[in-house]
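Notes follow once the structure below has been shown.
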Amino acid sequence: MDLFEQSAANRLRKEAPLAARMRPETLADFAGQEHLVGPGKLLRRVIETDRLSSMIFHGPPGTGKTTLARVIANTTKCAFEQLNAVTSGVADIRRVLQEAAERLGMYGKRTILFIDEIHRFNKSQQDALLPAVEDGTVIFVGATTENPFFEVNSPLISRARIFRLEPLSDEEMAEIARRALSDRERGLGNFRVDLGSDALAHLIRVADGDARSLLNAIELAVLSTEPDSGGVRHITLEIAADSIQSRALRYDKSGDNHYDTISAFIKSMRGSNPDAAVYWLARMISSGEDPRFIARRLVIHAAEDVGNADPQALLVATAAAQAVEFVGLPEAQIPLAQAAIYIAAAPKSNASCTAIHAAMQDVQNEKAMAVPAHLRDASYKGAERLGHGKGYLYPHDFPGHYVEQVYLPENVRDQVYYHPSGNGYEAVLKERLAKKNFTGR
């Protein structure tokens, strides 16, 4: 790099956003992710000893995925190449892999290939990496905000270790803000800034563990605030709120957040916590989730986890689903909330769910014997000559409208699929069935 190129690079670095300028270049400066890069942790050891293997960094925006790649680039003795899946194609991959093969063959030097936003690559682009990863031509390092098990090809997943990065804690975010405000070379240390504690707390709360969002907001607040007569820029709560605006919920309707949030919603109802159920419902609605999907889950959950402990739950859930179609959002959020609260507060039983699963298991694994003759359809002409319905006992002809008889094929006649829980209304069913000790139950 000549002097002109060096000068241009320095100028670009100084003009880069604060979040880019403050990006740590060593593990000593890295904030957060102690479960991965804390003392003695695996990822820290392999970086410090330069014993890297293929890996994928997975986590929300602003948690340090690209920063870890930069740390690796500054630490490793391997050649380091970087591609962005948004702007690169198969030709770029092949060029880098060809250069890596030549470097390995001529100098015995391995290459680390970092691909940011790996989930943006399609199947053929990801497949183009496989031979080089398989034979060790490159050490693949990927970064993605999506769940790699959804978005990255299985063969590539099987050859890489997955590291999950978590949103940064409030304390870690506060430390990042402090560094940015005090660093004279890369940060805002040349400005005299008074960032109020309430303003900082608001920025941290809305940034929600995203360091990039926090630093962008701090930079905007500082640069857009006029200094007072003493040269101090006072960042008030109002200025902070204007600088970061509203929180952007991390949610995608086909990936990780979608499945995690609906899982939390269902488990909250199953756990009989109406407050948590309503919270996760609000998260889904606010993030643009299809209300019909939510309604379907309510109907399923009412049958699966409440069942006959409160048969009314299924009616409430079904009514909420109909209301979604009839009135739509935003009003439909009210019947959805009503159903979620009712289901969460209802007594629980999964006996119906267990019963059908057990019966399906027998249907799939046991011999499908013929329907017993006395249970067969005897309504058509000639059925009697075939023996259909012969020996059938009509329950309404007996006291209590019940008579003991066999209702199952011979090979499963002693199976009991339905075991009432004794919760709620199912206690009534349990008592009722206990009085009918009939064959074939």
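Descriptive notes on the structure:
- The Cα-based radius of gyration and maximum Cα-Cα distance (Dmax) for the range 344-441 are 16.6, 55 Å.
- Over the chain, relative contact order from alpha-carbon pairs under 8 Å, at least 6 apart, %: 11 percent
- Ordering K367, K430, K65, K390 from the fewest to the most neighbouring beta carbons within 10 Å gives K367, K390, K430, K65.
- For the residues A339, A302, A91, a GNM of the chain with alpha-carbon springs under 10 Å puts the largest fluctuation on A91.
- For the range 175-192, Karplus couplings with θ = phi - 60° (6.51, -1.76, 1.60), whole Hz, Gly/Pro x: 5, 4, 4, 4, 4, 5, 6, 9, 6, 7, 7, 10, x, 10, x, 7, 9, 8
- Simple spin-label estimate for A373 and E185 gives 9.6 nm between the two label positions (7 Å along the Cα-to-Cβ direction from each Cα).
- Considering only I334, I266, I244, the Gaussian network model of the chain with Cα springs below 10 Å gives its largest mean-square fluctuation to I334.
- A dipole drawn for the chain from +1 and -1 charges on Cβ atoms has a positive end, and of L36, A264, A132 the residue lying farthest that way is A132.
- Farthest toward positive dipole pole in the range 290-441 [+1 Lys/Arg, -1 Asp/Glu at C-beta], among I341, H419, Y392: Y392
- Residue order, fewest to most beta carbons within 10 Å, for C78, C353: C353, C78
- Panel note: the C-alpha atoms of the chain, placed on their principal axes, show extents of 104, 63, 41 Å (largest first).
- Phi angles of the range 157-172 translate, via the Karplus equation with coefficients 6.51, -1.76, 1.60 and θ = phi - 60°, into HN-Hα couplings of 4, 5, 9, 10, 8, 9, 10, 8, 9, 9, x, 6, 6, 4, 5, 5 Hz per residue; Gly and Pro are given as x.
- Here the chain is treated with +1 on each Lys and Arg Cβ and -1 on each Asp and Glu Cβ, and its dipole about the Cα centre works out to around 1020 debye.
- Amide H contacts under 5 Å for L83, placed H, 5+ residues apart: F114, I115, D116
- Its alpha carbons considered, the range 151-303 gives a radius of gyration followed by a Dmax of 20.7, 68 Å.
- Among F140, F163, F326, F57, sorting on how many other beta-carbon atoms sit within 10 Å of each Cβ, with the fewest leading, yields F326, F163, F140, F57.
- Cβ charges +1 (Lys, Arg) and -1 (Asp, Glu), total dipole of the range 33-164, debye: 360 debye
- With all projection directions averaged, the alpha carbon convex hull of the range 256-345 covers 4.8 nm².
- Residue (of A174, Y279, F121) at the positive-pole extreme of the chain, dipole from beta-carbon charges: F121
- Both numbers refer to the Cα atoms of the range 170-244; Rg and Dmax are 11.2, 35 Å.
- Amide proton proximity set for I139, modelled H, under 5 Å, gap of 5+: T111, I112, L113
- Distances between placed amide hydrogens fall under 5 Å for R233 paired with R192, V193, D194, D228, all partners being 5 or more residues away or on another chain.
- Note that the range 64-70 has calculated 3J(HN,Hα) couplings of x, 5, 5, 4, 4, 5, 5 Hz, one per residue in order, obtained from phi through the Karplus relation 6.51 cos²θ - 1.76 cosθ + 1.60 (θ = phi - 60°); glycine and proline are x.
- Within the range 355-434: Cβ-based charge dipole about Cα centre, in debye rounded to nearest 20 (Lys, Arg +1; Asp, Glu -1): 260 debye
Any read-out appearing in this document is the output of simple, stated calculations on the displayed coordinates, not a laboratory observation. None of these values were measured; they are calculated from a predicted model. Every residue, glycine among them, receives a Cβ derived from its backbone with ideal geometry; neighbour counts consider all protein chains shown.
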